[in-house]
Amino acid sequence: MRDGYAVVSCHVERPLDDRVWSAFERLLAARPAGFVVTPFLRPPHEASGEDPERWLVRARRAAALAPLAHHTHWGGPSQARPPADVDAASAVREEAAWLRSNGLTPKYFCGGGWFLDLELAETLAALGYVDCTATTFRQPYLAAGAPRLQLAGPARLRLPSGAELLELPATHSLGLLGRGLLRLPGLVHVHFHDWELVDRRRAAALQALLRLLRLRRRPLELSELAAHAATAPLSDWTKVTIGT
């Protein structure tokens, strides 16, 4: 499963913040330490006053620099996980349809707040997405029983409908990478957020950690990882860790 490699992704949550976007665009173009950073863009939330046309300009720029991915915040810019009155799967279907109607065809997805339940998983499979919502670790801020998915590594999941969903879990945040650089797993998937790039300490830490990671793991694009993971053994959805 491509041990000895690493992939890097960014949750682009503030694409219409000029300062954040400028920092992110520079990093995406620079390919730090040789890593092609996969941009998971949150679509615009018009109810919060976000301009879809301005967003599309920036999304197309990101897509010209790296394979585009889809990131959802179900409650608007500051609310990642779905509020009680939001149908998570329907919202993702609507966003995906809007993206495609505007010529954007992301192949990868990550749910805000690491939210994933069965209905959403079935929707992602129907959309043809490769999912990156799973993690190899538990998020301490999530309540017990909060819907999520935890896996040991990349996996193909057989859903109750018979559909398959390919999962490429994140293994490290920046903090986890900094603390675990000397005991890395064979395959590393680092994620960070665009807003971290306007914090000088976090931005410097990202650059330094990716340089150190490059000494221990060879950069891999997310598409390459997905191609190799496509032959992983099938696991039943009912046998994976969900909401624990």
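The values are calculated or read from the model by the stated rules, or taken from the named source; none is laboratory data. Since the structure is predicted, the reported quantities are computational estimates derived from the model, not experimental observations. Cβ: placed from backbone, ideal geometry, glycine included. Neighbour counts: every protein chain shown. Ligands, DNA and RNA are excluded from the accessible area calculation, which covers all protein heavy atoms including side chains. Shrake-Rupley method; radii C 1.70, N 1.55, O 1.52, S 1.80 Å.
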Subject >> For residue 71: the one exception among (1) open to solvent by 30 Å² or more (accessible area, probe 1.4 Å); (2) touching a residue at least 60 places away in the same chain (Cβ under 8 Å) >> reply: (1)
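Across region 191-225, what is the total count of residues that are of a type in the set (Lys, Arg) and surrounded by fewer than 15 Cβ atoms within 10 Å (Cβ to Cβ)? Before the answer, list the steps.
Taking region 191-225 first, the residues of a type in the set (Lys, Arg) are 200-202, 211, 214, 216-218.
Filter again for surrounded by fewer than 15 Cβ atoms within 10 Å (Cβ to Cβ), leaving 200-201, 211, 216, 218.
Here the count works out to 5.
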Original post:
Among (1) open to solvent by less than 10 Å² (accessible area, probe 1.4 Å); (2) over 19 Å from the mean Cα position of the chain (by Cα), which single condition is residue 188 missing?
Top reply: (2)
**OP:** Kindly check whether there is at least one residue in region 112-124 that is open to solvent by 30 Å² or more (accessible area, probe 1.4 Å) and under 23 Å from residue 3 (Cα atoms).
**Re:** no
**OP:** Pairs only if they're at least six apart or on different chains, beta carbon under 7 angstrom, first in region 157-184 and more than 22 Å from residue 212 (Cα to Cα), second part of a loop (DSSP other than H, G, I, E, B); list them, first residue then second.
**Re:** 157/240; 165/159; 166/230; 167/134; 167/151; 167/154; 168/132; 168/154
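Could you list, in sequence order, the residues of region 116-163 that are touching a Gly at 6+ places or on another chain (Cβ under 6 Å), more than 27 Å from residue 97 (Cβ to Cβ) and of a type in the set (Ser, Thr, Tyr)?
Looking only at region 116-163, we keep the residues that are touching a Gly at 6+ places or on another chain (Cβ under 6 Å), and these are 133, 145, 147.
Within this subset, residues satisfying the condition of being more than 27 Å from residue 97 (Cβ to Cβ) are 145.
Once the filter is applied, which keeps residues that are touching a Gly at 6+ places or on another chain (Cβ under 6 Å), more than 27 Å from residue 97 (Cβ to Cβ) and of a type in the set (Ser, Thr, Tyr), region 116-163 yields nothing.
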Original post:
Restricting the first residue to region 78-106 and requiring it to be under 19 Å from residue 12 (Cβ atoms), which pairs with a second residue that is of a type in the set (Gly, Ala, Ser) meet a Cβ separation below 7 Å and a spacing of at least six or different chains?
Top reply: 80/112; 80/113; 81/112; 81/113; 104/59; 104/63; 106/69
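From the list 38, 136, which one is touching a Leu at 6+ places or on another chain (Cβ under 9 Å), open to solvent by less than 10 Å² (accessible area, probe 1.4 Å) and under 22 Å from residue 172 (Cβ atoms)?
On the way: 136 fails: open to solvent by less than 10 Å² (accessible area, probe 1.4 Å).
The conditions single out 38.
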Subject >> All positions within region 171-185 that are farther than 18 Å from residue 222 by Cβ, open to solvent by 30 Å² or more (accessible area, probe 1.4 Å) and more than 17 Å from the chain's Cα centre (by Cα) >> reply: 178, 179, 182, 183
Original post:
Which residue out of 184, 159, 166 is over 30 Å from residue 59 (Cα atoms) and touching a strand residue (DSSP E or B) at 6+ places or on another chain (Cβ under 7 Å)?
Top reply: 159
Original post:
Does region 3-16 contain at least one residue that is surrounded by fewer than 17 Cβ atoms within 10 Å (Cβ to Cβ) and farther than 24 Å from residue 97 by Cβ?
Top reply: yes
